[in-house]
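Take a look at the structure below.
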Amino acid sequence: RTNATMLYGHIENAFHRVDHLIRLRELQDETGGFQTFIPLAFHPDNTGLSHIKKPSGLMDLRTMAVSRLMLDNIPHIKAYWIMLGIGTAQTALSYGADDLDGTVRHELIYHDAGATTPELLTVPQIQRLIVEAGREPVERDTLYRRIERDPANPAAWTVGEQILAAV
């Protein structure tokens, strides 16, 4: 299983985004191959399109909500905090997202494109953001299986049950 993405907020219109989501939905119905959808906001800085405005927080949240409604056949919607910003990503947990991504180390792509978000959040920082949004933080692996850590030895862990979307 893999991720599906959609870059938005550059040269497309709303009908292009809807068409993209319909195509992803149909492909998911055929294959069941997507585990996560990740909407990616365009960052115009340092590109040939630096003259256009970055997508607004409202556009980010609308995209998240419409994606969740249209892609109910894809289990998870990710709010990529590095791209959205911490506050918008946290709010996106109430707009259809069920995943903030994770503890990314030394991210370059979005920062080279002009992102000003931190390059790193610690596990306690991510947990706090999730709790503040009224959600329960769950540590998971790439396949969305719960990670069970040994309290006596946090470096020791086992894989638990599959995590289902709870939006």
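The values are calculated or read from the model by the stated rules, or taken from the named source; none is laboratory data. Not measured: the values here are computed from a predicted model. So basically every Cβ, Gly included, is an ideal-geometry build from the backbone, and we count neighbours across all protein chains shown.
With the requirement that a residue be in contact (Cβ under 8 Å) with a residue 24 or more places away in the chain and surrounded by 15 or more Cβ atoms within 10 Å (Cβ to Cβ), what does the range 19-38 give you?
Hits for the range 19-38 are 21, 24, 25, 28, 34, 35, 36, 37, 38.
Give just the number: which of (1) touching a helix residue (DSSP H, G or I) at 6+ places or on another chain (Cβ under 9 Å); (2) more than 23 Å from residue 93 (Cα to Cα); (3) among the aromatic types (Phe, Trp, Tyr) does residue 15 not satisfy?
Only one criterion is unmet by residue 15, namely (1).
Among the residues of the range 1-17, is there at least one that is among the charged types (D, E, K, R), under 28 Å from residue 144 (Cα atoms) and not in a helix (DSSP H, G or I)?
Yes.
One residue is enough: does the range 37-50 have a residue meeting the conditions in a helix (DSSP H, G or I) and not charged (D, E, K, R)?
No, that holds for no residue.
Does the range 80-125 hold any residues that are crowded, with 17+ Cβ neighbours inside 10 Å, at pLDDT 65 or above and over 13 Å from the mean Cα position of the chain (by Cα), and which are they?
121
In the range 39-86, what residues are without any contact (Cβ under 8 Å) to a residue 60 or more places away in the chain and among the β-branched types (Val, Ile, Thr)?
Selection gives 52, 63, 66, 82, 86.
Going by the conditions given, is residue 143 out of contact with any Asp or Glu (no Cβ under 6 Å at 6 or more places or on another chain), at pLDDT below 85, among the aliphatic types (A, V, I, L, M) and not in a strand (DSSP E or B)?
It is false that residue 143 is out of contact with any Asp or Glu (no Cβ under 6 Å at 6 or more places or on another chain), at pLDDT below 85, among the aliphatic types (A, V, I, L, M) and not in a strand (DSSP E or B).
Quickly run through the range 117-140 and pick out the residues that are basic (Lys, Arg) and either part of a strand (DSSP E or B) or within 30 Å of residue 73 (Cβ to Cβ) (or both).
135, 140
How many of the residues in the range 51-76 are of a type in the set (A, V, I, L, M, F, W, C), under 15 Å from residue 22 (Cα atoms) and not in a helix (DSSP H, G or I)?
Residues that pass the stated criteria total 2.
Give just the number: which of (1) surrounded by 14 or more Cβ atoms within 10 Å (Cβ to Cβ); (2) at pLDDT below 90 does residue 41 not satisfy?
(2)
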